[in-house]
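Note sheet for the following structure.
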Amino acid sequence: MQQNTGIAITGSGSAVPTACLENQAMTALVETSDEWITTRTGIKNRRITSERESLSSLAAAASLKAIAMAGITAQDIDLILLTTSTPDDLFGSACQVQAALGANHAVAFDLTAACSGFLFGMVTAAQYIRTGVYQNVLLIGADILSRWVDWGDRTTCVLFGDGAGAVVMQASASDKLLGFELKSDGTQNHFLNLAYVPNTQELAPGITVSKGGYQAITMNGKEVYRFAVQKVPEVIDKALFRAHLSAEDIDWLLLHQANQRILDAVAQRLHVPKDKVISNLANYGNTSAASIPIALDEAVRCGKIKANDTIAASGFGAGLTWGAAIFKWGK
Ligand code: UT7
């Protein structure tokens, strides 16, 4: 029997924390205004994870919905790929999600590529399917950046929010993943960090240990903005080229939700009309690896994205990393 090595994205799901922090509430924390945040970013609200919620519980809740939409069971899953920069456990949280789902046949591991995580994860998952190794992959993008934000730094704290999104990718006779391109540039790493800071302790004469911790997120917003507006259209063009398509063939432009001005500028450069740009930034802010799958899931569930629509998705962020994938939605 011929093995299916095409890829179909057959289910999506998302989950966000209950607590909603509005722009107005941010003015009590830092010197800012609803007007500044709205006009400079498009963000109105962000969801904040409480101590009763966790990355793995959000990821599992999103996954259950994606699995149900795909019409499979947790037992059918061969691989769980959790893309996150904020695991509950530094050793990884994918196995906790596996346990929560009862996906006992799945191998599970974390993948970190910041806000590009979901895109990098999609391409990684695709390789396992293409080679015929796995048939059903659960790909999750989840982040809780609120844990790592300096809530006294107005240049970053207004931007981020928490959430999780998931998709099921399945081996299929017809291939719906049409093209992709991934990029990294570590020379620009210093523009966006959640860095480890050592605290040196002497264990024995001449032997020290660096027993530190992670500092809050730091970002050179202007440089990251410039990078995104230049590199995202380029990488989408490259992915379109690989898919033998052009920008006119795109039904939906699905970008990492970092800033409405970035979404607008990228769409303008690609000559994609505004009504084809998916945006839910106002409700959630920048949810890092979760932003693309949450936006995808909402657009699918409200009937905007339909079966066989062509989607150009692009993620970009820390690393620096960026990438794009062109795929058709559904079985
Ligand atoms: O997910 C990873 C990818 N991340 C991104 O894509 C983020 C990319 N960068 C951006 O989206 C934008 O650069 C920001 C939204 C972060 C900042 O917007 P900007 O238009 O580049 O503002 P700016 O940094 O140039 O700041 C303009 C002014 C400054 O004041 P001065 O120096 O002109 O007096 C800031 O201090 O706005 C001030 N400012 C604020 N004012 C009120 C910065 N943050 C705030 C704030 N409220 N929250």
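Throughout, read-outs are computed from the coordinates displayed, never taken from laboratory work. Computed from a predicted model, the values in this text were never measured in an experiment. With ideal geometry, Cβ positions are generated from the backbone for all residues, glycine too; neighbour counts draw on all protein chains shown.
Ranked highest first by the average count of other Cβ atoms within 10 Å around their residues, in what order do 237-246, 199-208, 313-322 fall?
Working: 237-246: 16.8, 199-208: 8.4, 313-322: 25.2.
Taking the mean over residues of other Cβ atoms within 10 Å, the ranking is 313-322, 237-246, 199-208.
Report the Rg/Rh value for region 152-284, based on alpha-carbon coordinates and the Kirkwood definition of Rh. That ratio is 1.10, to two decimals.
For a quick check: with amide H placed at 1.01 Å from N, whose amide H comes under 5 Å from Leu111's, ignoring anything fewer than 5 positions away on the same chain? Close amide H contacts, sequence-distant or interchain: Leu82, Thr83, Thr84. For region 268-331, the Cβ-based charge dipole about the Cα centre amounts to some 200 debye (Lys, Arg positive; Asp, Glu negative; other atoms uncharged). From the alpha carbon centroid of region 296-330 to that of region 185-241 is 25 Å. Taking Ser54, Ser279, Ser174 in turn, the Gaussian network model of the chain (Cα-Cα springs below 10 Å) assigns the largest fluctuation to Ser174.
Between the beta carbons of Leu29 and Glu202, assuming R0 = 41 Å, the FRET efficiency works out to 0.60 to the nearest 0.05.
Beyond 30 Å, how much of the Cα-Cα pair distribution for the chain remains, as a whole percent? Can you show the working numbers first?
Values: 17278 of 54615 pairs.
More than 30 Å apart: 32 percent of the Cα pairs in the chain.
For region 107-156, run through the chymotrypsin sites (Phe, Trp or Tyr not before Pro) and keep only the ones in DSSP coil with at most 14 other Cβ atoms within 10 Å of their Cβ. Sites meeting the loop and neighbour criteria: Trp151.
Across every pair of different alpha-carbon atoms, what Kirkwood hydrodynamic radius in Å does region 225-320 reach? Hydrodynamic radius (Kirkwood, Cα pairs) of region 225-320 is 13.5 Å.
Volume per residue, Å³, of the convex hull around the alpha-carbon atoms of region 122-206? Could you put the intermediate results ahead of the total?
Details: hull volume 19.0 nm³, N = 85.
Cα convex hull per residue, to the nearest whole number: 224 Å³.
Where is the GNM fluctuation largest for the chain (alpha-carbon springs, 10 angstrom cutoff): Leu79, Leu255, Leu21? Comparing Leu79, Leu255, Leu21 in the GNM, the peak value goes to Leu21. Here region 79-236 is described by how far its Cα atoms reach on the three principal axes: 59, 42, 30 Å, from widest to narrowest.
Neighbours of Thr84 by Cβ distance under 12 Å: Lys/Arg scored +1, Asp/Glu scored -1, total -4. Each Cα pair of region 6-176 feeds into the Kirkwood radius, which the Stokes-Einstein equation turns, at 4 °C and 1.567 mPa s, into a diffusion coefficient of 77 µm²/s. Straight-line cross-link partners of Lys328 among the lysines, defined as a Cα under 28 Å from its Cα and at least 8 positions apart when in the same chain: Lys65, Lys176, Lys183, Lys231, Lys238, Lys274, Lys276, Lys304, Lys306. Membrane-span-like helices of the chain, defined as complete DSSP H segments with a Cα extent of 24 Å or more along the helix axis and a mean Kyte hydropathy of at least -0.5, are identified as 221-242. Taking the Cα centre of region 6-176 as reference, the dipole from Cβ charges on Lys and Arg (+1) and Asp and Glu (-1) amounts to some 380 debye.
Net charge in the neighbourhood of Ser291 (other residues with Cβ under 14 Å of its Cβ; Lys, Arg +1, Asp, Glu -1) is -2.
The ellipsoid equivalent to the alpha-carbon distribution of region 193-232 has semi-axes of 37, 9, 6 angstrom, derived from the gyration tensor eigenvalues as √(5λ) and listed largest first. Relative to the current alpha-carbon distance between Lys331 and Gln230, full extension at 0.36 nm per residue lengthens the span by 33.0 nm.
Projecting the Cα atoms of Gln257, Phe180, Gly319 onto the dipole axis of the chain, where Lys and Arg carry +1 and Asp and Glu carry -1 at the beta carbon, places Phe180 farthest toward the positive end.
One chain, two ends: Trp36 and Phe91. Fully extended at 0.36 nm per residue, the span grows by 16.0 nm beyond their Cα-Cα distance.
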